[in-house]
Amino acid sequence: MSERDLVYDSLVKIVGKDFVSNEPEDLYLYSRDLGAQPPRKVDYVVMPKTVEQVQKIVMLANKRKIPITPMGSGLTVSGLAVPVKGGIVLDMKRMDRIIEVNEKNKYAIVEAGVTQGALKSYLEKHYPHLQHSTPEAPPTATIAGNVLIHGHGHLTPSHGANSRMINGMEVVLPTGEICKIGSCSVSAYWFTRESLPDLAGLFIGWYGTTGIITKISIQLFPKPMFRDLVVFLAEDPDVLPEMVFGVFQAELAENFFVIAQDKPDWMFGRTYVVIITTGHSKDELESKKAKLRDMFDTRVKVAEQIPPSLKERYLEVPPFAATQADFAKGGGFEYNGCLLPMDRIPEAWRRGLEIARKHNVAFSFGLQALDCGHSAMCGPVYSFNRADEESVKKVREALDESSKLVLELGGLLWKAAIPGQRLMMHRMDPNTLELMRRIRRVLDPNGIMNPGNWEE
Ligand SMILES: Cc1cc2nc3c(=O)[nH]c(=O)nc-3n(C[C@H](O)[C@H](O)[C@H](O)COP(=O)(O)OP(=O)(O)OC[C@H]3O[C@@H](n4cnc5c(N)ncnc54)[C@H](O)[C@@H]3O)c2cc1C
């Protein structure tokens, strides 16, 4: 029997034949994502249902030294769940149980395949006074995939990155041990990861290169009764850091984001600043809106005319994505999310727009204040038409140029594709880089976990 058949048969024994494939038409789907990274080879796709199955798959991969790439919904658009060196894609979607909502202690324990949409609608139905921080990503994106890449949602501006909202996790290590992280390693409550050594850091931001998370506890927050937004037009990006500072100093915002794009025509040349504010009563909400309207000097004007559909959308989720990809023509998009210190925002904004215009690519340019204004997520979203190789090439060039700009300005690339990871590693303190290598060698002695990521 060939090695390929042997591995296939072993996988079938673990999860059943309906949940393994090495058929070209299935592998095709897993060999690419929405973004501009070129497609890559995949050998098997497996969909486990239980942690024991994950464990057996990992032990098989470890014994036979087969690369294994965990995948939630594969929506990073930077190819992070597309294997670089072939092997198994471990699609977690069947692990979709919401195990517990602990109302009094405000957390939910979910399996790794639970999606944003599933948790949101479950909470709306059963716990309408609670919410989790929801990204703008499609509702099929997983909670685990999002928090593990330091994702951001509608509560990130006021509470910090979604990864901070992890209370604990269950992990299958690359050598097959099942391990608990946070208070759940000691207690029945998955309520905090504080007070113990913070081992969660061994798995967050590593892009599946250190283990497979099978369960996660995520913090829930009170849902305010009333929410609304005030939209401003800012002519000059120099005002943005002051605006962010003022709004969070006065505790007036749940969310703060900025958006500029050349299309549709009515948005051309304008920078929209959207501030979402909340209240426990209508009066509180109205008083906060009034304060916001009076807060800024003449460089910022209140935009009274916002189409109701846009208003509804802005209130639903923070907008950070391209709306310009022409999917009917096989379109796609990729974005350079990056974290920047607040004081570099005006320069990043100006030069980022220049790069988009220079490469003549359709773009939207966004910013979201993070963690009460301690930093900002900022970046251009470039759209392309996949059928037109020239447009993909232009987007890759624009991404490369804006990645370099971010690092020049002292920022960090977020959920960076391989070229961006390498740019950061080249700048990294050599001892930090060596520490990362050592951690991986210890956890994953056979180098099977999503190899090619965080490697030079
Ligand atoms: C239109 C659009 C809008 C978006 N807007 C936002 C936004 O507002 N905020 C935001 O944060 N993101 C956004 N994104 C980016 C991305 O889609 C989300 O962050 C999404 O939540 C990632 O989840 P996923 O399930 O797709 O993760 P995946 O892409 O499947 O995985 C992400 C990484 O984590 C690893 N991984 C996944 N599951 C596991 C696991 N169980 N164990 C170990 N490693 C694992 C993967 O190997 C990969 O490296 C957007 C994307 C799109 C397409």
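Among strands (runs of 3 or more DSSP E) entirely within region 207-297, having at least 3 residues that are more than 16 Å from the ligand (Cβ to nearest atom) and open to solvent by less than 10 Å² (accessible area, probe 1.4 Å) singles out 226-234, 272-279. Among the residues making up region 415-450, those that are over 14 Å from G79 (Cβ atoms), in a loop (DSSP other than H, G, I, E, B) and open to solvent by less than 50 Å² (accessible area, probe 1.4 Å) are D444, G447, I448. Residues that are more than 20 Å from P157 (Cα to Cα) and modelled with pLDDT of 80 or more number at least 3 in the following strands (runs of 3 or more DSSP E) confined to region 321-405: 375-385. The number of residues in region 31-41 being open to solvent by 40 Å² or more (accessible area, probe 1.4 Å) and within 14 Å of the ligand (Cβ to nearest atom) comes to 3. Of all the residues in region 247-287, those that are under 20 Å from A362 (Cα atoms) and of a type outside the set (A, V, I, L, M, F, W, C) number 9.
Taken over region 79-101, the criterion of being of a type in the set (A, V, I, L, M, F, W, C) and under 22 Å from N62 (Cα atoms) is satisfied by L80, A81, V82, V84, I88, V89, L90, M92, M95. Y44 satisfies every condition listed in (1) more than 15 Å from the ligand (Cβ to nearest atom); (2) surrounded by 19 or more Cβ atoms within 10 Å (Cβ to Cβ); (3) more than 26 Å from the chain's Cα centre (by Cα) except (3). With respect to being more than 8 Å from the ligand (Cβ to nearest atom), more than 17 Å from the chain's Cα centre (by Cα), in contact (Cβ under 8 Å) with a residue 40 or more places away in the chain and surrounded by 17 or more Cβ atoms within 10 Å (Cβ to Cβ), I99 falls outside the description. The residue pairs whose first member lies in region 205-222 and is of a type in the set (A, V, I, L, M, F, W, C), whose second member is near the ligand (Cβ under 7 Å from one of its atoms), and whose beta carbons are closer than 6 Å, counting only pairs six or more residues apart or on different chains, are I212/P70; I213/A112; I213/A144; I216/A144. So in region 12-23, with the set limited to residues that are more than 14 Å from V89 (Cβ to Cβ) and not small (G, A, S), which one is most open to solvent (accessible area, probe 1.4 Å)? Among residues in region 12-23 that are more than 14 Å from V89 (Cβ to Cβ) and not small (G, A, S), the one most open to solvent (accessible area, probe 1.4 Å) is K13.
Only one of the numbered conditions (1) within 29 Å of G337 (Cα to Cα); (2) at pLDDT 95 or above is not met by F296, and that is (2).
Candidates in region 2-60 are the residues that are of a type in the set (G, A, S) and not in a helix (DSSP H, G or I); of these, the one that is farthest from K393 (Cα to Cα) is G16. May I ask you to verify whether P128 is buried (at least 18 other Cβ atoms within 10 Å of the Cβ), away from the ligand (no atom under 11 Å from the Cβ) and of a type outside the set (A, V, I, L, M)? Here the answer is no, as P128 does not meet what is asked. Per this entry, D9 is not counted among residues that are in contact with an Asp or Glu (Cβ under 7 Å, 6 or more places away or on another chain) and open to solvent by 30 Å² or more (accessible area, probe 1.4 Å).
Among the residues of region 144-192, those that are surrounded by fewer than 23 Cβ atoms within 10 Å (Cβ to Cβ), within 21 Å of the chain's Cα centre (by Cα) and more than 10 Å from the ligand (Cβ to nearest atom) comprise L155, S158, H159, G160, R164. Taking the criterion of being more than 24 Å from A36 (Cα to Cα) and in a strand (DSSP E or B), the residues of region 82-107 that qualify are I98, I99, E100, V101, N102, Y107. Among the residues of region 108-125, is there at least one that is without any contact (Cβ under 8 Å) to a residue 60 or more places away in the chain, more than 16 Å from the ligand (Cβ to nearest atom) and either touching a strand residue (DSSP E or B) at 6+ places or on another chain (Cβ under 9 Å) or not in a helix (DSSP H, G or I) (or both)? Within region 108-125, one or more residues are without any contact (Cβ under 8 Å) to a residue 60 or more places away in the chain, more than 16 Å from the ligand (Cβ to nearest atom) and either touching a strand residue (DSSP E or B) at 6+ places or on another chain (Cβ under 9 Å) or not in a helix (DSSP H, G or I) (or both). Screening S133 on (1) more than 19 Å from G208 (Cα to Cα); (2) within 14 Å of the ligand (Cβ to nearest atom); (3) at pLDDT below 95 shows it passes everything except condition (3).
The values are calculated or read from the model by the stated rules, or taken from the named source; none is laboratory data. Predicted model only: the values in this text are computed from it and were never measured. As a convention, Cβ positions derive from the backbone with ideal geometry for all residues, glycine included, and neighbour counts pool all protein chains shown. Only protein heavy atoms, including side chains, enter the accessible area calculation; ligands, DNA and RNA are left aside. Shrake-Rupley method; radii C 1.70, N 1.55, O 1.52, S 1.80 Å.
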